[in-house]
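Chemist: Input: one structure, supplied below.
The values are calculated or read from the model by the stated rules, or taken from the named source; none is laboratory data. These figures come from a predicted structure and were not determined experimentally. Here the Cβ is made from the backbone with ideal geometry for all residues, glycine too, and neighbour counts use every protein chain on show.
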Amino acid sequence: MPELPEVETVRRGLAVAMEGRRIEGVEVRRRDLRIPVPAGFAERLQGRTLLHLGRRAKYLVGQFDDGTVLLAHLGMSGRILIDPAGGEAAGAGNVDPGRHRDHEHIVFRVGNGTTVRFSDPRRFGLMTLTDEDGFPDHPLIRNLGPEPLSADFTGPALAARLEGRRTSVKAALLDQRVVAGVGNIYACEALHVARLSPRRTAATIRGVRAARLADAVRGVLRDAIEAGGSSLRDHVAPSGELGYFQHNFKVYGRDGKPCPDCECAAGIRRIVQAGRSTFYCAARQR
Ligand SMILES: [Zn+2]
């Protein structure tokens with residue numbers, strides 16, 4: 001499932017191709033995504049110019065010249081690819097393109113002859129519309145916690161969000177109200193960097209521990225963005241390029257393997273917390 005670094009990689013690729021350009025045409029082939037594509041979606045975007053493509057948590061946020069705001073989420077398996085004008089289809093040779101070819105739900109034609117294709121085999125993704133006034137209070141947006149790469153995300157801010165929480169810190173990090181955009185992979189990796197046990201009660205993360213965890217979350221996300229995200233199954237950049245942060249995982253998916261930079265004999269172990277796999281080193285993470 002795409003997390004913040006994968007969505008940010010997609011955002012950067014799309015921004016280069018779409019910002020400042022007019023949407024010439026929109027084709028909606030399938031409306032029943034996680035929430036239905038709203039009536040009039042294509043008509044509202046046709047002829048509009050995309051002024052800015054931003055990101056909030058795992059949402060892409062497109063601002064158009066008439067105040068319309070496009071919200072897009074990649075769900076579990078979403079992918080957005082760019083076919084440059086007259087160019088070959090992007091993504092040739094990338095991970096499992098066949099799985100996506102038959103699941104292109106929304107296609108945008110952009111002013112410079114570029115085509116942008118949103119595919120999502122599992123259809124947990126979405127594209128919907130709001131406007132500048134409606135955006136902050138939109139039901140998908142209003143309860144999101146701080147952006148981890150913003151100045152608001154500090155040790156004290158994280159500690160305040162974890163105060164009184166009796167769940168594990170691992171489960172708390174996946175709660176989008178605590179910190180926006182972190183999912184299973186980067187929660188596991190950040191806890192390893194911070195040397196904190198994923199089983200620890202969230203409320204015990206205060207003071208230096210909270211500062212260490214906030215730093216670790218930021219650091220892991222920055223490194224992953226630098227690597228173009230993690231390409232495990234569906235994630236590719238809009239150019240079709242694979243991310244490579246999966247080669248830098250210290251714990252995720254590495255159960256039974258040696259723990260990097262650690263003297264522990266047992267290596268990485270896998271447990272299940274709140275229905276999700278957690279990977280960690282019981283010696284290093286306390
Ligand atoms: Zn270890």
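Chemist: Would you confirm whether any residue within region 58-67 is modelled with pLDDT of 95 or more, within 30 Å of V208 (Cβ to Cβ) and touching a Gly at 6+ places or on another chain (Cβ under 6 Å)?
Modeler: Taking every residue of region 58-67 in turn, at least one turns out to be modelled with pLDDT of 95 or more, within 30 Å of V208 (Cβ to Cβ) and touching a Gly at 6+ places or on another chain (Cβ under 6 Å).
Chemist: What about R218, is it closer than 20 Å to T9 by Cβ, away from the ligand (no atom under 14 Å from the Cβ) and among the basic types (K, R)?
Modeler: yes
Chemist: Restricting to region 271-286, and then to whatever is more than 23 Å from the chain's Cα centre (by Cα) and not polar (S, T, N, Q), can you tell me which residue is surrounded by the most Cβ atoms within 10 Å (Cβ to Cβ)?
Modeler: C281
Chemist: If you don't mind, another one. Considering only residues that are in contact (Cβ under 8 Å) with a residue 40 or more places away in the chain, part of a loop (DSSP other than H, G, I, E, B) and within 11 Å of the ligand (Cβ to nearest atom), which ones fall in region 260-285?
Modeler: Across region 260-285, the qualifying residues are C281, A282, R284, Q285.
Chemist: A further question on this structure: Would you confirm whether or not region 205-213 contains a residue that is outside the structural domain of L81 (by TED's automatic domain parsing), among the aliphatic types (A, V, I, L, M) and loosely packed, with under 14 Cβ neighbours inside 10 Å?
Modeler: Within region 205-213 (the criterion being outside the structural domain of L81 (by TED's automatic domain parsing), among the aliphatic types (A, V, I, L, M) and loosely packed, with under 14 Cβ neighbours inside 10 Å), the answer is yes, since at least one residue qualifies.
Chemist: Evaluate region 239-259: report whether one residue or more is within 16 Å of the ligand (Cβ to nearest atom), without any contact (Cβ under 8 Å) to a residue 12 or more places away in the chain and either in a loop (DSSP other than H, G, I, E, B) or not small (G, A, S) (or both).
Modeler: Scanning region 239-259 turns up at least one residue that is within 16 Å of the ligand (Cβ to nearest atom), without any contact (Cβ under 8 Å) to a residue 12 or more places away in the chain and either in a loop (DSSP other than H, G, I, E, B) or not small (G, A, S) (or both).
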